[in-house]
Amino acid sequence: KPQAPLDNADKSTVPANYYTRNSSTWEWRAFWPEGETVELPASWASFNNSEIAEEENEDHYLFVHGKKDNIKIRGKGLKIKPVLEAFDEFIAFGPSAKFRFPEKPLLLAAFLPRLYEVRRKIRGIDELLQIMSVTGYQPSIITVSKKRQGSSMMFGVQIEFARIQVNGRIYHSISLESPYLTALRILARNLSVGSGQVAGYSDFLERVIRS
């Protein structure tokens with residue numbers, strides 16, 4: 001697993017200053033199977049170990065074959081983090097959009113265009129899945145349990161270490177986030193991924209469920 005402060009950080013719940021996205025952001029993310037060791041570059045030693053924030057949760061992803069957007073089921077609604085652009089190993093995400101059911105399909109159609117022709121409000125997740133299937137999408141729900149820790153690095157980059165369990169298998173991941181693509185390119189090129197997989201969550205989940 002990544003040699004990161006997952007086992008040494010303060011075990012408190014997420015503090016108020018835990019990193020949140022409210023603008024367009026570039027992301028680089030890599031995944032490794034449980035048991036693999038990843039050496040962090042010496043140049044990464046500048047991240048602030050004293051300000052590590054820890055979070056444990058269970059995310060329910062609405063996976064749609066062929067779509068790269070990050071779609072999560074949150075309570076009785078959805079949280080969609082849209083992909084704006086993919087460049088090399090980096091993905092640019094737009095600000096997150098939140099929807100609460102019952103919801104107008106016209107609003108959801110900004111991310112799922114085939115819903116534009118639906119004329120009545122969608123009452124909930126179950127009905128959304130039915131409509132998506134009828135309109136030709138291939139939706140499925142994937143539950144991912146996470147234990148993650150985040151901190152800040154040089155150039156204002158946010159780093160996250162995570163332990164992920166999905167489909168009974170455990171993985172570790174490292175992600176870098178910043179509004180600045182150049183900063184991510186500088187930091188990511190110093191990490192040897194080895195047999196790991198560089199991918200966004202949607203591509204990673206697709207490979208897991210098909211393997």
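A few notes on this one:
- Flag if Glu117 is loosely packed, with under 14 Cβ neighbours inside 10 Å, within 30 Å of Arg189 (Cβ to Cβ) and free of Cβ contacts under 8 Å to residues at least 40 places away in the same chain: no
- Qualifying residue in the stretch 54-69 (condition: in a strand (DSSP E or B), under 20 Å from Arg148 (Cα atoms) and in contact with a Gly (Cβ under 6 Å, 6 or more places away or on another chain)): no
- Filter result for the condition that a residue is in contact with an Asp or Glu (Cβ under 9 Å, 6 or more places away or on another chain), in contact (Cβ under 8 Å) with a residue 40 or more places away in the chain and among the basic types (Lys, Arg), over Lys72, Lys81: Lys81
- Looking only at the stretch 141-169, and only at residues there that are touching a His at 6+ places or on another chain (Cβ under 9 Å) and not charged (D, E, K, R), the one that is farthest from Gln130 (Cα to Cα): Phe161
- Any hit, the stretch 157-180, residues being open to solvent by less than 40 Å² (accessible area, probe 1.4 Å), at pLDDT below 95 and over 17 Å from the mean Cα position of the chain (by Cα): no
- Being buried (at least 17 other Cβ atoms within 10 Å of the Cβ) and modelled with pLDDT of 85 or more is true of Phe31.
- Qualifying residue in the stretch 87-103 (condition: in contact (Cβ under 8 Å) with a residue 40 or more places away in the chain, open to solvent by 40 Å² or more (accessible area, probe 1.4 Å), assigned to a strand (DSSP E or B) and under 22 Å from Tyr201 (Cβ atoms)): yes
The values are calculated or read from the model by the stated rules, or taken from the named source; none is laboratory data. Because the structure is a prediction, the values reported are computed rather than measured. A quick note on method: Cβ atoms are made from the backbone with ideal geometry, for glycine too, and the neighbour counts reach across all protein chains shown. Heads up: the accessible areas ignore ligands, DNA and RNA and are worked out on the full protein's heavy atoms, side chains in. Shrake-Rupley method; radii C 1.70, N 1.55, O 1.52, S 1.80 Å.
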